[in-house]
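Trainee: Mind having a look at this structure? Questions to follow.
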Amino acid sequence: MTRTSTLIERAAAEGLLDIAYAPVDTPLGPLIAATTPRGLVRLAYERDNGGLDAILDRLAARLSPRILEAPERLDATRRELNEYFTGRRDRFDLPIDWALVGPFGRRILCAAATIPFGSTRTYAEIAGTAGSPRAHRAAGNALGANPIPIVVPCHRVVRTGGGLGGYTGGLQRKEELLRLEGVL
C-alpha cells in the first residue's frame, strides 16, 4: 500500500473524506469524476467547467470541503466509462448521489436515465414522464444542469421535430455520443 492510499484510507476511516475525485480520460476529452459514500455525484467536462480547481471549489461550496484525489475510489466509474466508449456497455450500473440536484431536476434526470441506449426522447416526453407535461423548457434547463452527463444520459433528449437541442458538454459532444450509440 502506498503512502497516498494509506492517507486516503485513514481519512475515510476517520470520517474526514466526504468526496473522492479522479481525472478520467475519454474520447470526448478529460472528465473529472467525484463520488461520495452514496455514489457518483459529479462527472464534469474539465475544460468546460473552468478546470479542476473550479470544479473542486464548487463541490466544496455545495457539498463539503473534505475532498481528496482518490483514483481507486473511482475505478468502477472509469471502467464503466471505458466500456461505454469502446462499445462494450450500453447502460451504467453505478450508484448515484443526487445531492447536487433539486427535486424537480431529479425527476427529470431520473426520467432521462430510463431512455435506452440508442434511443432518444423529446424534452416534452421527458417532462411528461417526470409528471410535468407542460414544463418542457424547465426540463431542458434541468437537463442542461445535469451534474452527471453521459452516465445520466441527457444527451439522449432532443427537440420535438428532430433538432438536437442543447447539451451541457456542447453540441459536438452530444453528436459524438449519439453517433456512438447509433442514433446519428
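The values are calculated or read from the model by the stated rules, or taken from the named source; none is laboratory data. Quantities reported herein were computed from a predicted structural model and do not represent experimental measurements. A quick note on method: Cβ atoms are made from the backbone with ideal geometry, for glycine too, and the neighbour counts reach across all protein chains shown.
Trainee: State the number of residues belonging to segment 160-172 that are in a loop (DSSP other than H, G, I, E, B) and on the phi < 0 side of the Ramachandran plot.
Mentor: Looking only at that region, the number is 7.
Trainee: Mind listing whichever residues of segment 25-53 are surrounded by fewer than 18 Cβ atoms within 10 Å (Cβ to Cβ), in contact (Cβ under 8 Å) with a residue 40 or more places away in the chain and not in a loop (DSSP other than H, G, I, E, B)?
Mentor: Selection gives Gly39, Asp48.
Trainee: In addition: Being touching a Pro at 6+ places or on another chain (Cβ under 9 Å) and not in a loop (DSSP other than H, G, I, E, B) is the filter; apply it to segment 173-184 and report the residue that is surrounded by the most Cβ atoms within 10 Å (Cβ to Cβ).
Mentor: Leu177
Trainee: Right, something else. With modelled with pLDDT of 95 or more and either closer than 17 Å to Arg38 by Cα or surrounded by 18 or more Cβ atoms within 10 Å (Cβ to Cβ) (or both) as the only criterion, which of Ala135, Ala112, Ala139, Ala130 stands out?
Mentor: Ala112
Trainee: Next question. I'd like the full set of residues that are under 19 Å from Leu43 (Cβ atoms) and touching a residue at least 60 places away in the same chain (Cβ under 8 Å), limited to segment 160-184.
Mentor: Listed by number, the residues that qualify are Thr168, Gly169, Gly170, Arg173, Glu176, Leu177, Leu180, Glu181.
Trainee: Within segment 59-92, can you find the residues that are loosely packed, with under 14 Cβ neighbours inside 10 Å and among the aliphatic types (A, V, I, L, M)?
Mentor: Ala61
Trainee: Among Thr36, Thr26, Thr77, Thr86, which is modelled with pLDDT of 95 or more, hydroxyl-bearing (Ser, Thr, Tyr) and in contact with a helix residue (DSSP H, G or I) (Cβ under 7 Å, 6 or more places away or on another chain)?
Mentor: Only one candidate qualifies: Thr26.
Trainee: What are the pairs, 6+ residues apart or on separate chains, where a residue within segment 56-74 that is over 14 Å from Ala33 (Cα atoms) has its Cβ under 9 Å from a residue that is at pLDDT below 95 and hydrophobic (A, V, I, L, M, F, W, C)?
Mentor: Filtered contacts from segment 56-74: Arg66/Ala11; Arg66/Leu16; Arg66/Leu17.
Trainee: Here's a check for you: in segment 165-184, which residue that is hydrophobic (A, V, I, L, M, F, W, C) and in contact with a helix residue (DSSP H, G or I) (Cβ under 6 Å, 6 or more places away or on another chain) is modelled with the lowest pLDDT?
Mentor: That would be Leu184.
Trainee: Here is a follow-up. What helices (runs of 4 or more DSSP H) completely inside segment 98-159 contain at least 1 residues that are touching a residue at least 24 places away in the same chain (Cβ under 8 Å) and more than 23 Å from Leu184 (Cβ to Cβ)?
Mentor: Correct list: 103-113, 136-144.
Trainee: Name, by its number, the condition in (1) closer than 19 Å to Leu31 by Cβ; (2) touching a Lys or Arg at 6+ places or on another chain (Cβ under 8 Å); (3) of a type in the set (Phe, Trp, Tyr) that does not hold for Tyr84.
Mentor: Exception for Tyr84: condition (2).
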